[in-house]
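Below you'll find the structure, written out as structure tokens, and then a few comments.
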Amino acid sequence: MSESTGTLGLDRELKAKHRAMWGLGNYPAVAAQVIADLGPVLVGECGVQEGDRVLDVAAGSGNAAIPAAALGAQVIATDLAPELFVAGKEAAALAGVELDWQEADAEALPFRDNEFDVVLSCVGVMFAPHHQRAADELLRVCRSGGKIGVLSWTPTGFIGEMFKTMKPYAPPPPPGTQPAPLWGDENHVRDLLGDVVTRKNVLRVDRFSGPEDFRDFFKKNYGPTIAVYRNIADDPARTQALDRDLLELAKKYGSGSEPFVMEWEYLLVTATPDKGGV
């Protein structure tokens, strides 16, 4: 077996694991009940207009794709885990909008060069394991003078800290892959996309009655959290330790009781590709 054949095999295995992870639990519930405000924020920042050709990469259940379609854009929503499209299609029907849903790998998009006016991703492409591959694809399919918009959790914000908290309980990452929250680091994104405009902000989360409610909701619904708990399922002591660690993290970032409010930091990045008149 050649080295390239072995690499391709490992990559297919990794992507299969990613697809399975996002199929765990109920990510559409997270998108609809916790982070629903982020999609419209990204769409607004990208200036999506009626008639624009829009691609939503790692779209999940359409948190950004559906608001873009509601503005009259021609939208294609893609994701590695098409199981998430079931809820997305239901949400689109309720919103009275139409868009295309296509299974696709963010690191190998099945579209022509310069095909879209706007290419966006809302806490999605950040989870592609090879950041430069994914960034190159965003740049490739966006036309010169178009708009790329990416919204990602920051390494130092709540979700970034949550992944750090879970890391000791998770299996080691495959060689060559990069942590998702790096997409929330301004210098890293400039290395990936070149000249960008960045803005940090926070999402106000008041969905949970308290820290325990947050932890239990994510244990039940959020694929990465479920996967980590499954990794230590045969070790009650480590499971209890992770329970405590997530509880303490939620307490650190939350305040109040009625409602219990958390602030989750994100980085919003926009770029306008200049392809020399292409």
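Observations on the structure shown:
- Fraction of accessible area attributable to carbon and sulfur, the chain (%, probe 1.4 Å): 50
- Calculated FRET value between ARG199 and ARG140, using beta carbons and R₀ = 25 Å, to 0.05: 0.50
- If you take all other residues with their beta carbon under 14 Å from the beta carbon of ALA31, and give Lys and Arg +1 and Asp and Glu -1, the sum is -3.
- Computed from the Cβ-Cβ distance with R0 of 22 Å, the FRET efficiency linking ARG207 to ALA233 stands at 0.25.
- Using the Cβ-Cβ distance between ALA170 and HIS130 with R0 set to 22 Å, the FRET efficiency from 1/(1 + (r/R0)^6) comes to roughly 0.75.
- Between ASP100 and GLU13, the simple label model (points 7 Å from Cα in the Cβ direction) yields a spacing of 3.4 nm.
- Full extension of the segment from GLN33 to VAL261, taken as 0.36 nm per residue of separation minus the current Cα-Cα distance, would add 80.7 nm.
- Theoretical gain in end-to-end length, ALA93 to GLN49 [0.36 nm per residue, Cα-Cα removed]: 13.8 nm
- Two-decimal log10 I(q)/I(0) for region 52-139, as the Debye equation yields it once each C-alpha is a single scatterer, q = 0.13, 0.17, 0.22 Å⁻¹: -0.36, -0.61, -1.01
- For TYR229, solvent-accessible area (1.4 Å; no DNA, RNA or ligand), Å²: 30
- Region 63-112-region 113-129 distance, computed between alpha-carbon centres (Å): 12
- Both the radius of gyration and Dmax for the chain are 18.5, 60 Å, in that order, over alpha-carbon atoms.
- Local electrostatic count at VAL118 - Lys and Arg +1, Asp and Glu -1, tallied over other residues with Cβ under 10 Å: 0
The values are calculated or read from the model by the stated rules, or taken from the named source; none is laboratory data. Not measured: the values here are computed from a predicted model. Cβ: placed from backbone, ideal geometry, glycine included. Neighbour counts: every protein chain shown. Ligands, DNA and RNA are stripped out before the accessible areas are found, and what is left, the full protein with its side chains, is counted by its heavy atoms. Shrake-Rupley method; radii C 1.70, N 1.55, O 1.52, S 1.80 Å.
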